[in-house]
Ligand SMILES: [Zn+2]
């Protein structure tokens, strides 16, 4: 384990249990926390939702309980959304407001959040929803799967960030290259009006690997695209983009090496990875239902075809390996290595706005073609959470 004082996710309060119940006319949500935290609330219309804002919380709550409908709350979900904020979102089948939100200190330093909602008239709800709440400094994240929104949700995952720079060649850091690419892709996808886009990070900050997967799963993503740029210390002539899907068995030694390197991100950032490593083995075993794998490869093949039309590809452009970020069993996921920062030619391209625009457009075309032809009717339905 790496000695390092920066241990973001280990310092987050942990939410260990969530209970939702109907008590008379009200619906009550109770959340057990490792310590009390600040809480803010708001409601939003169209679709109707109640939102609970918390600082970063490590949610260790079983997701199963969140899908059942209790009274006028049809479902709820939770997750990390920004560097320092989490949210719990309750979907409302009828207008309701938060009538009580209280953080209680418990014996032993624990915290208990109690939130109560009560039914109100449509007019009262609208008035509450229109009141500008203390807006967070950052734009609110795309809500997960609002009802009646048929747009596909794409999660873009720029690798590394914050105290983990990724590959560093000369003064260029992988984390900056992939963030610029990710933001460019988000802009293009959103401009089409066909997708909602969520970023695992949209600034220079560290996000643990497991958290990236969790963000996509919690949001009910239809597609997860992780962006990286490789580097080889001893082979400056190796060039080109590669598209990876997750697999226990690596296509070749180079893929295995790369996955091992990328999987080091948490350790690089000073997280205690002992537990995560154990759980990787378990996750890889049932890595994805066969269906998810099929869609991951389908999208990966699309990507290779479209990218190949406009950027230089590696000589073996489609490969697989055991990447930690490609382990969501229910979200088709791929990882793109844009090129080799160790190749002077690739490095120049990776830093060029023109190249980026071209490559981003190619990825967008691949996303379009994937959803036009590949997405099964049933996938969207099974994604509702
Ligand atoms: Zn990387």
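The values are calculated or read from the model by the stated rules, or taken from the named source; none is laboratory data. The shown structure was predicted, so the numbers you read here are calculated from the model rather than taken from an experiment. Positions of Cβ are backbone-derived with ideal geometry, glycine not excepted, and every protein chain shown enters the neighbour counts.
Against the list (1) within 24 Å of residue 265 (Cβ to Cβ); (2) in a strand (DSSP E or B); (3) away from the ligand (no atom under 13 Å from the Cβ), the condition residue 157 fails is (3). Scan the range 310-332 for residues that are crowded, with 24+ Cβ neighbours inside 10 Å, outside any strand (DSSP E or B) and within 16 Å of the ligand (Cβ to nearest atom) and the total you get is 4.
The set of residues in the range 52-80 that are modelled with pLDDT of 85 or more and in a strand (DSSP E or B) comprises 52, 53, 54, 55, 70, 73, 74.
Taking the criterion of being more than 30 Å from residue 294 (Cα to Cα) and either surrounded by 15 or more Cβ atoms within 10 Å (Cβ to Cβ) or in contact (Cβ under 8 Å) with a residue 24 or more places away in the chain (or both), the residues of the range 333-349 that qualify are 341, 342, 343, 344, 345, 346, 347, 349. Among the residues making up the range 228-253, those that are within 23 Å of the chain's Cα centre (by Cα) and either under 18 Å from residue 295 (Cα atoms) or more than 16 Å from the ligand (Cβ to nearest atom) (or both) are 242, 243, 244, 245, 246, 247, 248. In the range 126-141, the count of residues that are surrounded by fewer than 14 Cβ atoms within 10 Å (Cβ to Cβ) and modelled with pLDDT of 75 or more is one or more.
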